[in-house]
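First up is the structure itself, then whatever we jot down about it.
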Amino acid sequence: MQLCIFEDNLAGSLEPLIYTRGVFDLICGSSSLKEKILRCYPGVRYSLHCRDYIVPIIKEKNPGININQIDEDSCLFINSRVIADNNFASVIPLNDSDKIYIKDEIVIAARLSGNNLREFKRHLNTLPDPSLFPSIRKEKVEVRVVKFIWDIFKEHNAELITDLDVVRKDDLSGTAIEGVHLINKENIFIGANTIIKPGVVLDASNGPIYIGSKSVIYPNSVIIGPVYIGNSTLIKSLAKIYENVSIGDVCKVGGEVEDAIIMSYSNKQHDGFIGHAYLGSWINLGADTNCSDLRNNYGFVKSYVQGELINTKTQFLGLIMGDHSKSGINTMFNTGSVVGVSCNIYGSGFPNKNIPSFTWGGKDDLQTYEIEKCLDTAKVVMARRKIEFTKSDEALLRKIFEITKNERMKIGLTA
């Protein structure tokens, strides 16, 4: 039995973060949606199914894994938007008869073999929708599913705590030197060769704190769990990292951060607040960049999904920003702002809440960010982290520039 984690035809509701990665690579807690699924089926042979234009980059990041290809005679397909609980495999067993698992008309999983699988494989050149699955027995299940980015925040606290139970098995030989204040010490986990300077407060009263290997925490920072900090990441002096924060590898973070996910290779080094925010990779927020995550009237936040303004039915939502985007000093982002891929935002006042990919400017003057300049910047930024900017990276950004031209034209920019 093979397992296939697939993107479905609703993947677009998770833009702009999924322009540059598979839905299964989105982070909730400290691990990806893919990692949560695979933990439920240890040792299983698996493949990934995704949009055609991201296949080259997914292959680069998943060597030896089949992409958009099923080799076995039977396969359990699992929707990549699932947040898998520890008991997920008991709800959807790997080996059983052919069956489709449904929640709210969403195909959560499908176990197919023989003729059923052969028929379905004829549609593997597209993102599956419910009509493409064969007419076989269906079962309703209650599982957690991500429809919009803010759904991740609803599960983030519980997932951080669950994930940190898993990573505790890693090499945790690091120690805090004299002058570091550890509260609820048994719930604090420090990776090898990590340096924590005097005056740092690590408070794990409300949840665990995990700091990966080769990271540095500068003096007089405060970190309140649950918090995950990856490998080779720098936390600047006087940083205030509050509950429910997940920071990836090779990041630089300072100022005030709360209820946020910062993916690897992104920087928010300086003073300024971000909360209920989701930042992709290769982002740099200039000094004193702030985002609002609560409306003044405490009402539900409205945000943009694929260019349409919708009511999120949530009270807290800050900044959602795609890969390779930047903000200038003193930039202010309104509640529920969405910034696409490879944007450069600066200037006084609040910019638009919906900023399409490859946009340059601020509140009063937006223009299209030329693709060649974007590529040049990306090469320089990645080289600073000794990461090669590959032909697949270039092809991906060029493709995103092409498929987002209508978004820019909608707000009056050139394609």
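Could you tell me whether any residue of the range 265-279 is surrounded by fewer than 24 Cβ atoms within 10 Å (Cβ to Cβ) and β-branched (Val, Ile, Thr)? Looking through the range 265-279, none of the residues is surrounded by fewer than 24 Cβ atoms within 10 Å (Cβ to Cβ) and β-branched (Val, Ile, Thr). Among the residues of the range 279-295, are any of a type outside the set (S, T, N, Q) and within 19 Å of residue 13 (Cα to Cα)? Looking for residues that are of a type outside the set (S, T, N, Q) and within 19 Å of residue 13 (Cα to Cα), one finds at least one in the range 279-295, hence yes.
For residue 132, indicate whether it is within 25 Å of residue 13 (Cα to Cα) and surrounded by 13 or more Cβ atoms within 10 Å (Cβ to Cβ). For residue 132, the condition - within 25 Å of residue 13 (Cα to Cα) and surrounded by 13 or more Cβ atoms within 10 Å (Cβ to Cβ) - is met. Here the range 327-354 is the region considered, the condition is being out of contact with any helix residue (DSSP H, G or I) (no Cβ under 9 Å at 6 or more places or on another chain) and not in a loop (DSSP other than H, G, I, E, B), and the residue that is surrounded by the fewest Cβ atoms within 10 Å (Cβ to Cβ) is 332. The number of residues in the range 156-196 that are modelled with pLDDT of 90 or more and either assigned by TED's automatic domain parsing to the domain that holds residue 26 or closer than 28 Å to residue 145 by Cβ (or both) comes to 8.
Looking across the range 371-414, just one residue is surrounded by fewer than 12 Cβ atoms within 10 Å (Cβ to Cβ), among the small types (Gly, Ala, Ser) and either touching a helix residue (DSSP H, G or I) at 6+ places or on another chain (Cβ under 9 Å) or not in a helix (DSSP H, G or I) (or both), and that is 412.
The set of residues in the range 337-377 being without any contact (Cβ under 8 Å) to a residue 24 or more places away in the chain and charged (D, E, K, R) consists of 363, 364, 365, 370, 372, 373, 376. Counting only residues that are closer than 13 Å to residue 277 by Cα and either of a type in the set (A, V, I, L, M) or not in a strand (DSSP E or B) (or both), the range 244-261 holds 6 of them.
Here's the yes/no breakdown for (1) in a helix (DSSP H, G or I); (2) under 30 Å from residue 75 (Cβ atoms); (3) within 27 Å of the chain's Cα centre (by Cα):
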{"position": "117", "(1), (2), (3)": "yes, yes, no"}
{"position": "163", "(1), (2), (3)": "yes, yes, yes"}
{"position": "166", "(1), (2), (3)": "yes, yes, yes"}
{"position": "182", "(1), (2), (3)": "no, no, no"}
{"position": "192", "(1), (2), (3)": "no, no, yes"}
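Among the residues here, residue 72 qualifies as charged (D, E, K, R), touching a residue at least 60 places away in the same chain (Cβ under 8 Å) and not in a helix (DSSP H, G or I). Residue under question is residue 136, and the condition is that it be at pLDDT below 95, outside the structural domain of residue 225 (by TED's automatic domain parsing) and farther than 27 Å from residue 18 by Cβ; does it hold? It is true that residue 136 is at pLDDT below 95, outside the structural domain of residue 225 (by TED's automatic domain parsing) and farther than 27 Å from residue 18 by Cβ.
The values are calculated or read from the model by the stated rules, or taken from the named source; none is laboratory data. This is a predicted model, so every value here is computed, not measured. Because the Cβ atoms are built from the backbone with ideal geometry, glycine has one as well, and the counts that use them run over all protein chains shown.
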